[in-house]
1. Looking at (1) open to solvent by 50 Å² or more (accessible area, probe 1.4 Å); (2) closer than 21 Å to Asn75 by Cα; (3) polar (S, T, N, Q); (4) within 17 Å of the chain's Cα centre (by Cα), which is the only condition Thr169 fails?
2. Here is a list: Ile44, Ile77. Which entry is modelled with pLDDT of 95 or more and touching a strand residue (DSSP E or B) at 6+ places or on another chain (Cβ under 6 Å)?
3. Among residues belonging to the range 151-163 that are under 15 Å from Val185 (Cβ atoms), in contact with a Ser or Thr (Cβ under 9 Å, 6 or more places away or on another chain) and hydrophobic (A, V, I, L, M, F, W, C), point out the one that is surrounded by the most Cβ atoms within 10 Å (Cβ to Cβ).
4. Tell me, yes or no, whether the range 115-133 has at least one residue that is touching a Leu at 6+ places or on another chain (Cβ under 6 Å) and more than 23 Å from Pro14 (Cα to Cα).
5. Condition first: of a type in the set (Ser, Thr, Tyr) and over 11 Å from the mean Cα position of the chain (by Cα). Can you find one or more residues in the range 98-106 that meet it?
6. Would you check if Asp65 is open to solvent by less than 10 Å² (accessible area, probe 1.4 Å) and within 17 Å of Phe49 (Cα to Cα)?
7. Looking at the range 10-50 only, could you name the residues that are among the basic types (Lys, Arg) and open to solvent by 40 Å² or more (accessible area, probe 1.4 Å)?
Amino acid sequence: MEFEEKDLVATATPDILQEIARARALCREYYHSDYGDTARRNAILRELFGSIGENVAIDTPFYCDHGKNISIGSNVIIGMNCTFVDNAPIVIGDNVMIASNVQLYTAAHPVAAKERFVEGWREKGTVFFRTYARPIVIEDGAWIGGGVILLPGVTVGRNSVIGAGSVVTRSIPADCVAVGSPCKVIRTIEN
């Protein structure tokens, strides 16, 4: 799926860089917090994310770019070493399980070099490349296996399971098992 001009995002304005620094500081604080101090850990997550429900467990380390673009429902577990590149919204529903080493990338770059690189970028006071971003949605009841990568603009449907190591390049419907690179539905689930 190629980019559209409307999906281009700024990545290095002073405001964006300050927002990224804030998110990194909160992720670092969360990492160094006492695992047993759930009140403090929950307070950090409430400050980091756009919204967060009840009974959410996020293992460390955890990485994100902005934090405020991430919305998490209730009864969610996120394993260790997950990376959420949230240049666009990431919406995680209720009763979701996300295993370790999962990567959610809302951002990407145009494939064609003439579109990816900005000519005269120094004079324009910008970065030398273009970035576009599209939301990622993980619906209620989904289970994302270890090492899965979700790319910009995908939705994982309600109650679906994504097999470990899969690369999700297109949306996956509800109530199915999908695996592979690129990720494909291999069977439906009766729920």
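The values are calculated or read from the model by the stated rules, or taken from the named source; none is laboratory data. Here the structure is a predicted model, which means the values were calculated and not measured. Every residue, glycine among them, receives a Cβ derived from its backbone with ideal geometry; neighbour counts consider all protein chains shown. Areas reflect the complete protein model, heavy atoms only, side chains present, ligands, DNA and RNA absent. Shrake-Rupley method; radii C 1.70, N 1.55, O 1.52, S 1.80 Å.
1. (2)
2. From the options Ile44, Ile77, the qualifying one is Ile77.
3. The selected residue is Val156.
4. Within the range 115-133 (the criterion being touching a Leu at 6+ places or on another chain (Cβ under 6 Å) and more than 23 Å from Pro14 (Cα to Cα)), the answer is no, since none of the residues qualifies.
5. Looking through the range 98-106, at least one residue is of a type in the set (Ser, Thr, Tyr) and over 11 Å from the mean Cα position of the chain (by Cα).
6. When the stated conditions are applied, Asp65 does not pass them.
7. Arg22, Arg24, Arg28, Arg40, Arg46
Listed here are the residues, each with its yes/no results for (1) modelled with pLDDT under 95; (2) within 25 Å of Ser71 (Cβ to Cβ); (3) outside any strand (DSSP E or B).
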position	(1), (2), (3)
Arg122	yes, no, yes
Thr126	yes, no, yes
Val137	no, yes, no
Gly146	no, yes, yes
Asn159	no, yes, yes
